[in-house]
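Everything below concerns the one structure shown next.
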Amino acid sequence: MALDPVLLSRLQWAWVISWHILLPAFTVGLSAYIAVLEGLYFFTGREVWFRISGFWTRIFGVAFGMGVVSGIIMPFQFGTNWSRFSDAAGDVISPLLSYEGLMAFFLEASFLGVLLFGRRLVPPWAHFFAAFMVAFGTLLSSFWILATNSWMQTPAGYKLVDGRFEPVDWFAIIFNPSFPYRLMHNVNAFYITTAFVVLGVGAWLIRRERAVEDARMMVRMALDLLIIIVPLQIFLGDQHGLNTLEYQPAKIAAIEGRYDTVRPTPLTLFGIPDDAAATMRYAIEIPDLGSLILTHSWNGTIKGLKEWPADERPPVALPFFAFRLMVGVGVIMLLVAITGQLLRWRGRLWDSVWFLHLCQLVAPLGFVAVIAGWVTTEVGRQPWTVYGLMRTADSVSPSLTGTDVTWSLALYVAVYLIMYPTGIAFMAGLVRRGPREPEAEPQLIEGGLPNQPFETAARMPAQS
Amino acid sequence: MVLDLVPLWTALLALAVFYYVVFDGFDLGVGMLYGLLPDEAARRTAMNSIAPIWDGNETWLVFGGLGLLTAFPLAFAIIIPAVYFPILIMLLALVFRGVAFEFRFKHPAARRFWDGAFCGGSLVATFAQGVVLGSFIAGFKVDGRHFAGSSLDWVAPFPLAIGLALMFGYSLLGAAWLILKTQGDLQSWARRAGQVCLIAVLAAILAVSLWTPATNADIARRWFSWPDIAFLAPVPIITALIAAGEWYALRSRHELLPFLAAIGLFLMSFIGIAVSLWPMIVPYHYTLWQAASSPSTQAFLLIGTLLLLPVILMYTAWSYWVFRGKVSEAAGYH
């Protein structure tokens with residue numbers, strides 16, 4: 001069997017970005033949480049906020065570092081494996097990517113050092129400000145990277161000159177049709193992901209009877225946030241879906257597992273898609289519900305994939321199953337959030353060991369939903385890199401052979417399988433140590449200190 | 001009439017690349033010398049000397065890569081696939097090296113492994129960067145707007161030789177950094193190591209200076225035709241003077257001079273390469289202007305760059321100021 005450089009390059013991209021996205025999914029939310037905690041500490045002066053913030057800041061430092069390291073790999077992928085795409089779309093997407101890099105770079109060079117190592121070295125308002133700026137900066141990074149991705153999904157503001165995309169209107173490029181929906185849906189997903197991690201860690205600390213006061217605060221905060229943002233996410237997801245139906249109807253057809261156009265459209269709960277025969281086997285369907293959910297009317301029409309030529313259809317299985325996984329996880333999240341509030345309302349939250357245990361189990365669910373959602377949207381937009389205009393098969397570097405990419409993919413797999421478990425084990429170690437009393441905080445700042453009097457060095461925050 | 005931003009972007013990219021080469025160069029150099037250091041105390045001190053600053057240095061690589069993509073996307077699209085494996089190996093080596101920094105201190109039991117990862121990662125990353133540079137100078141097979149060679153074109157004497165040369169070059173920077181930041185036995189050790197590296201670096205500079213004009217008629221014409229030779233003669237003359245100064249500095253009691261002279265040698269080599277290749281960005285197919293992105297693209301990113309870059313530079317300067325002076329073994333990384 002010949003090794004296909006296009007398929008292997010796609011696998012490689014999926015591998016490196018899936019691991020990378022886990023870290024922003026966590027750090028965007030966590031930095032916002034830390035900023036809130038720092039704000040609470042600044043305005044109330046209560047030590048509990050200071051302890052919780054310090055606890056999560058240590059974990060944030062590791063996650064952010066891993067995010068930077070795995071992020072350095074990403075821009076080079078555009079050149080190594082997707083050079084024709086880089087040549088064709090570079091004029092439009094490269095400044096957006098560069099702004100993302102600049103923001104992260106800027107943050108790392110400035111406020112991150114103050115946040116991580118400056119607790120005792122700068123006044124509380126400055127530390128709060130640094131935390132706020134880090135949270136704001138990670139949001140800006142999300143803004144630019146999702147603008148880039150959205151432009152590839154729903155291109156706008158460009159003109160085509162000799163097969164290359166040239167910018168015409170930067171505002172239209174950045175605020176392209178799918179961008180606002182994607183941005184809100186993603187950022188909210190990142191917040192939910194983090195809230196579930198905080199919930200799980202808090203529950204674990206309570207069960208171990210470690211720093212119980214702090215841990216209860218974490219659980220309360222997480223539950224209060226989740227009861228708002230999980231329902232919000234369902235609404236945002238629905239809006240994002242309506243937008244996709246308008247601009248990428250083939251993706252919706254793949255998600256719904258719909259090959260034939262039927263009016264009104266049933267909702268396929270489950271089935272085994274068969275792309276070759278263009279049919280859904282063993283389908284379990286509910287009549288009319290597809291129309292209602294997707295078009296918000298009882299007899300709206302969802303176009304089936306057969307309306308498109310065979311070479312313009314996305315594969316069905318991955319978006320179909322990944323979407324169902326994402327929605328399933330969302331339902332579990334909603335149930336957990338509601339149950340938590342009910343238990344609190346009846347005053348039985350802290351006695352319900354089963355629920356605390358459940359909170360631990362669902363802690364990583366946000367990551368599952370993020371990856372599933374990402375797979376849905378990325379596989380669903382195939383076979384295009386720039387939707388409807390540039391094919392994935394025409395985007396790959398022409399010089400690459402299947403053997404080249406097999407080797408590179410194997411190396412990426414090997415290195416990530418060493419790096420991630422090590423990093424996760426390290427963060428787990430920080431969790432196990434738990435929140436500490438302020439006095440227990442080490443005075444040393446990171447890095448080799450010069451032989452200056454200690455005060456001189458200690459006044460300065462170290463660079464990360 | 002739209003303002004031509006190509007010279008400005010060329011200057012910005014040149015700055016980013018040079019900054020990266022010097023600053024990550026010295027900490028990669030320290031990483032390579034690390035494997036040769038006599039004892040654990042020296043290794044610890046060496047690592048402490050770069051611990052606070054290495055990752056700030058590394059981010060310039062991203063800035064360089066993204067800057068190339070934004071300002072000269074055609075160059076990015078041709079050059080990066082041509083050096084597919086060197087880039088891959090460099091990235092993975094840098095990952096390993098970065099992770100080693102953290103875990104060496106966290107897991108004493110696995111220290112030998114992470115020591116190896118740190119030293120080996122530095123060595124492999126440096127070699128790969130040299131191969132990229134060598135391939136760049138040697139030029140690429142290009143068909144239209146694509147790289148037309150194979151992913152193994154870099155396996156040729158010239159790129160591999162440059163890879164080797166850069167290992168000595170970064171080690172010279174690393175040794176000079178250790179002279180600046182340490183004292184006693186370790187400093188004396190670094191002076192001796194620096195002298196060995198300097199001899200190798202000078203041999204490499206001489207070899208490349210003869211090799212490239214001998215194999216490339218355009219480069220030979222640029223350097224040796226009248227009146228260019230009169231304008232360009234200062235380049236080799238100043239290089240020789242700096243080399244002599246470096247030799248003196250390594251053998252004297254100067255502490256800062258070896259580092260400055262090492263940067264000087266890199267700067268002169270950088271200028272030498274720029275003179276040879278100007279105005280090519282994809283040697284020998286596309287000029288800077290032919291490979292440039294649209295003026296609108298260049299202008300859009302320039303705004304943010306000019307806004308954020310000075311802040312980043314000021315903060316960087318400040319953090320070097322904070323960590324000035326000698327490091328000791330005792331001041332642990334964590």
(request) Whole number please: convex hull volume per residue, Cα atoms of chain A, in Å³. (result) 174
(message) Can you give me the long-range amide H partners of residue A:390? Hydrogens built in the peptide plane at 1.01 Å from N, cutoff under 5 Å, separation of 5 or more residues or another chain.
(response) A:385
(message) Output wanted: per-residue J couplings in Hz (rounded whole) for the range B:156-173, from phi through Karplus 6.51 cos²θ - 1.76 cosθ + 1.60, θ = phi - 60°, x for Gly and Pro.
(response) 9, x, 5, x, 5, 5, 5, x, 5, 4, 5, 4, 6, x, 5, 5, 4, 4
(message) Helix B:73-82 against the longest principal axis of chain B: what's the angle in degrees, Cα atoms only, rounded to the nearest 10?
(response) 60
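What value in Å³ per residue do you get for the convex hull of the alpha-carbon atoms in the range A:310-390?
Working: hull volume 6.8 nm³, N = 81.
That works out to 84 Å³ per residue.
First measure r as the distance between the Cβ atoms of residue A:272 and residue A:353, then evaluate 1/(1 + (r/R0)^6) with R0 = 45 Å and state the FRET efficiency to the nearest 0.05. Please list the in-between numbers first.
Details: r = 40 Å, r/R0 = 0.89.
Efficiency computed from Cβ-Cβ geometry: 0.65.
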(request) Relative to the longest principal axis of the C-alpha atoms of chain A, give the angle of the C-alpha long axis of helix A:5-44, reported between 0 and 90° and rounded to the nearest 10°. (result) 40
(request) Would you kindly derive the ³J(HN,Hα) couplings of the range A:329-342 from the backbone phi angles with the Karplus curve 6.51 cos²θ - 1.76 cosθ + 1.60 (θ = phi - 60°), listing them in order in whole Hz, with x for Gly and Pro? (result) 4, x, 5, 4, 4, 4, 4, 5, 4, 5, 4, x, 5, 4
(request) Scan around residue A:436 for amide H atoms under 5 Å from its own, H built in the peptide plane at 1.01 Å from N, and keep only partners 5 or more places away or cross-chain. (result) A:55
(message) Compute the distance from the alpha-carbon center of the range A:317-369 to that of the range A:139-185, in whole Å.
(response) 34
(request) For the range A:123-132, take each phi angle, set θ = phi - 60°, evaluate the Karplus expression 6.51 cos²θ - 1.76 cosθ + 1.60, and give the result in whole Hz per residue in order, putting x for glycine and proline. (result) x, x, 5, 6, 5, 4, 4, 4, 4, 4
(request) Report the calculated FRET efficiency for residue B:143 and residue A:3 (r = Cβ-Cβ distance, R0 = 25 Å), to the nearest 0.05. (result) 0.65
(message) Can you compute the charge dipole magnitude of the protein assembly as shown about its Cα centre, using +1 on each Lys and Arg Cβ and -1 on each Asp and Glu Cβ, nothing else charged? Give it in debye, rounded to the nearest 20.
(response) 1440
(message) Excluding same-chain pairs closer than 8 in sequence, count the lysine pairs in the protein assembly as shown whose Cα atoms lie under 25 Å apart.
(response) 6
(request) Would you mind checking the tilt of helix A:365-380 against the longest principal axis of the Cα atoms of chain A, expressed as 0 to 90 degrees and rounded to 10? (result) 30
(request) Pairs of Cα atoms under 8 Å, at least six residues apart: use those to get the relative contact order of chain A, whole percent. (result) 23
(message) Using Cβ counts within 10 Å as a stand-in for footprinting exposure, how do A:108, B:102 rank, fewest first?
(response) B:102, A:108
(message) Take residue B:40 and residue A:239, extend 7 Å from each Cα along the Cα→Cβ direction, and tell me the distance between the two endpoints in nm.
(response) 5.9
(request) Grab the beta carbon distance between residue B:237 and residue B:210, set R0 = 22 Å, and tell me the FRET efficiency rounded to 0.05. (result) 0.85
(message) What distance in nm lies between label points placed 7 Å from Cα along the C-beta direction at residue B:229 and residue B:185?
(response) 5.3
(request) Please list the non-local residues whose amide H lies under 5 Å from the amide H of residue A:270, H modeled 1.01 Å from N, same-chain partners needing a gap of 5 or more. (result) A:284
(message) Can you tell me how the range B:6-322 classifies by the Cα gyration tensor, rounded, prolate or oblate, using a/c under 1.5 as the rounded cut?
(response) prolate
(message) Under a crude label model (7 Å from the Cα following the beta-carbon direction), how far is residue A:296 from residue A:172 in nanometres?
(response) 2.6
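With each run of n ≥ 4 DSSP H residues scored as -39500 (n - 2.57), what mean residue ellipticity at 222 nm is computed for chain A after dividing by its residue count and rounding to the nearest 500 deg cm²/dmol?
On the way: 15 runs with 315 residues, N = 464.
The helix-only estimate for chain A comes to -23500 deg cm²/dmol at 222 nm.
How high is the relative contact order of chain B? Use alpha-carbon pairs under 8 Å, at least six apart in sequence, and give a whole percent.
25
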(request) Could you check which residue among B:78, B:199, B:237 shows the biggest mean-square fluctuation in a GNM of chain B with a 10 Å Cα cutoff? (result) B:237
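Throughout, read-outs are computed from the coordinates displayed, never taken from laboratory work. Please read these numbers as outputs of a predicted model, since none were measured by experiment. Quick reminder, even Gly has a Cβ in these numbers, built from the backbone with ideal geometry, and neighbours come from all protein chains shown.
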